[in-house]
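The values are calculated or read from the model by the stated rules, or taken from the named source; none is laboratory data. Everything numeric here is computed off the predicted structure, so don't read it as measured data. Using ideal geometry, Cβ is built from the backbone for each residue, glycine included, and neighbour counts are taken over all protein chains shown. Please note that ligands, DNA and RNA were not included when accessible areas were found on the heavy atoms of the full protein model with its side chains. Shrake-Rupley method; radii C 1.70, N 1.55, O 1.52, S 1.80 Å.
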Amino acid sequence: MPVNYDKLFELMKKKGYKKYDLRKLGLSPTIINRLVKNSDVNTSTIMRLCEILECQPGDIMEYTPEQRNN
């Protein structure tokens, strides 16, 4: 996937959040699993994470283009 959420988990650690805390705040296990696997999530999920962590989307995700085989 071209989107990477490593920055999310680094920020969560820095702010003292665990994946379980995201569950308590209303994110489903499926969404958390998609974030762990760097899968697609919708923009409402990104907005909710930004609310929780008081950050901007660029603070929790990074776009990395896929390499193409020509």
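Taken over region 35-57, the criterion of being in a loop (DSSP other than H, G, I, E, B), in contact (Cβ under 8 Å) with a residue 24 or more places away in the chain and surrounded by 13 or more Cβ atoms within 10 Å (Cβ to Cβ) is satisfied by Asn38, Ser39, Cys55. The single condition from (1) in contact with a helix residue (DSSP H, G or I) (Cβ under 7 Å, 6 or more places away or on another chain); (2) open to solvent by 100 Å² or more (accessible area, probe 1.4 Å) that Glu10 fails is (1).
Just one of the listed residues (Ile60, Ile32) is surrounded by 15 or more Cβ atoms within 10 Å (Cβ to Cβ), without any contact (Cβ under 8 Å) to a residue 40 or more places away in the chain, at negative phi and among the aliphatic types (A, V, I, L, M), and it is Ile32.
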